[in-house]
Every structure is written in C-alpha cells, then in structure tokens.
Amino acid sequence: MTSNKLKLAVAQMTSVDQLFTNLEAVILMFSEAVAAQADLVVFPENTLYFRIRSGSKIESFSWEDLKELQSKVAQSSTAILLTTPLKSESGKFTNSTILFEPGAEPCVVYSKVHLFDVDVVGAPPVRESDYFESGLGPQILDFRGWKIGLSICYDVRFSELYFPYAQAADLILVPSAFLVPTGEAHWHTLLKARAIEAQTYLAAPAQTGEHVSGDQVRRTFGHSLVVDPWGRVLVDMDKKPGLSMVELSRESITQVRQQIPMKLHRRL
C-alpha cells in the first residue's frame, strides 16, 4: 500500500534501566498513537533499556517479554520502530532498530554503525565499544511505499552514511539519546543539515530529562525534532516525555527537489 501522506507519531521518553518500566511507557504511548490513527510511531535510542550506572550489566530481553506489545500491534493498523540493545552472537550487543508491524513478525532493520567513545566536558566518559559492536552500514526500509533511511544518534555526525538516503529516501530517522552539552551545541544544527542536504523529512525521537537509578543520574537533552525537506522545524518537543503527531506529505519533497535539483547537480 502506497500513500502520498504518512501520519507519524514521535515518542519522547525518559527510559530507565528496568525493561518492564520502559515497556509499560511504550505501550501507553503506542495506544495514544493508535487512537490518533498514526501510521507509524517512532521511539528513541535505548527505548527498552537505558544504562544509568557505569559498568552495570546491560539487561537483555526475550521476544516473549514483548508478547503484549506484539499483540497490540497486531490488533491495530499502526507500526512501531523502537531502538534498543540486542545481544549478538559475539557476546556483545548491537544498538538496533526493530520494526513491529501488523501482520508480520518483529524484525531488526538497522544496527548503529558509529559507536560513541567520547570524553565530553560536563558529562561522564562513554565507551560504547566496550559493550557494543558496529552495524554493517546504511539501510533503507520500505514502509507502505515510503523509503525510510535509518540511523541512530552518533551516526548523525557522519554525513557519508546519509549519502544513500539522499539518493533514495523520503524520510530519515535518527532515534537518539544525546547528552546535554552536545545537544545544546550541535543537536538542531546537525539534524537540520541532514534533512537539507538529503532533501527529505527527518524525525529524531529523543531521550529526555533525568534518568535515575538509586543514587545515580544521567541526563539527556530531549528536543525530539521533525524537520521538513526545506529545513523547517515542524516539531521541537520540550523536556517532558510524550508524543507528537505530524503528517508528512510527498508533495513537499517533490517541491523542494524541483526548486533545487541536487540529484542532477551531484559530481561526487
């Protein structure tokens, strides 16, 4: 089924290090998206598990844990894309985006390519490569006739990943858990640039606020964004968890690409 419109729900969360607490929040927001007749609801990075204590064991899940969510998707016409750690055969994890779609089994559609190994002033050091392995490269999902280019958080800094999306995508997703210092400095600039250079819509569902586990706290920037192909910000959420709805139109993509036909002008 192909449509010129896509009704998108963007979920902003404050996930914690407890699977079933996060899953309850996902189901509540999914129910809200279904009531609003969304085609697709997109969740941020670390949807089902957000590690708050440095060095703590990453909690994995079984597909059986997600049976209630799968059942609710099956009874609706709304699909879900959520991003969470998945145990890999190597014993490490991948940071992966999973599609839950009515009438189909859940499937992994993308794994994060660029791992976040940084020391940012004002935030604890992060070494994703200690626990995670990289995905293989860009992936484009065909969802009801819309071509969706997939990426996750730190990927957004590497414009070469998005070149295939400029060629073929209608929408780019960047589920994220940006730190506050980097969010304040770079979040809006990077996301608007990726939308403008690819002449696509871009949606970036984000983690937000204070993530608490006992006496430990991590902070994320929030500001889940939706940007149109001209670089206009259609959605910029505040710091609260919640859901925003937006309708995307293929007509806007066509109009921008006709005005500035970048595909015809590329030399590299």
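The values are calculated or read from the model by the stated rules, or taken from the named source; none is laboratory data. Here the structure is a predicted model, which is why all the values come from computation and not from measurement. Please note: Cβ atoms are built from the backbone with ideal geometry, for glycine as well, and neighbour counts cover all protein chains shown. Note: areas computed on protein heavy atoms with side chains; ligands, DNA, RNA excluded. Shrake-Rupley method; radii C 1.70, N 1.55, O 1.52, S 1.80 Å.
One table, with the values for the structure above:
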{"item": "Share, in percent, of DSSP beta bridges within the stretch 148-268 that are antiparallel, nearest 5", "result": "65"}
{"item": "Sequence-distant residues sharing a close amide H with V41 (under 5 Å, placed H)", "result": "A9, A79, I80, L81"}
{"item": "The stretch 95-157: trypsin sites (Lys or Arg not before Pro) in DSSP coil with no more than 15 other Cβ atoms inside 10 Å", "result": "R144"}
{"item": "Kirkwood-Stokes translational diffusion coefficient of the stretch 1-47, alpha-carbon pairs, 4 °C, 1.567 mPa s, µm²/s", "result": "112"}
{"item": "Percent accessible area from carbon and sulfur atoms, the chain, protein chains only, probe 1.4 Å", "result": "51"}
{"item": "V235 long-range amide H proximity, modeled H, under 5 Å", "result": "V226"}
{"item": "For the stretch 1-97, size of Cβ-based charge dipole, Lys and Arg +1, Asp and Glu -1, in debye", "result": "180"}
{"item": "3J(HN,Hα) from dihedral phi, the stretch 9-22, Karplus parametrisation 6.51/-1.76/1.60, rounded to Hz, x for glycine, proline", "result": "10, 10, 9, 10, 10, 10, 6, 10, 9, 10, 3, 6, 5, 5"}
{"item": "Gaussian network model of the chain, Cα within-10 Å springs - most flexible of L173, L81, L69", "result": "L69"}
{"item": "Of K7/K57; K57/K112; K92/K263; K7/K239; K5/K72, those spanning more than 31 Å from alpha-carbon to alpha-carbon", "result": "K7/K57; K92/K263"}
{"item": "Per residue, in Å², the accessible surface of the chain once ligands and nucleic acids are set aside, probe 1.4 Å", "result": "45"}
{"item": "Answer label for Kirkwood radius over Cα pairs in Å (calculated), chosen among [x] 19.7; [y] 29.9; [z] 18.6", "result": "[z]"}
{"item": "Residue-by-residue Karplus 3J(HN,Hα) for the stretch 210-225, coefficients 6.51, -1.76, 1.60, Hz, glycine and proline x", "result": "9, 9, 10, 9, x, 9, 9, 9, 10, 10, 10, 7, x, 6, 3, 10"}
{"item": "Max mean-square fluctuation residue, GNM over the chain, Cα-Cα springs under 10 Å, options D215, D155, D117", "result": "D215"}
{"item": "Taking the chain and dividing mean pair separation by its residue count, relative contact order in percent (alpha carbons under 8 Å, at least six apart)", "result": "21"}
{"item": "Stokes-Einstein diffusion coefficient of the stretch 152-268, Kirkwood radius over Cα pairs, 37 °C, 0.692 mPa s, in µm²/s", "result": "219"}
{"item": "D (Stokes-Einstein, µm²/s), Kirkwood Cα radius, the stretch 1-144, 1.306 mPa s at 10 °C", "result": "98"}
{"item": "Fluctuation leader among V34, V42, V226 - the chain, Gaussian network, Cα springs under 10 angstrom", "result": "V34"}
{"item": "Mean projected area in nm² (Cα convex hull; one quarter of hull surface) for the stretch 1-79", "result": "6.0"}
{"item": "Spherically averaged projected area of the stretch 203-242 from its Cα convex hull (nm²)", "result": "3.0"}
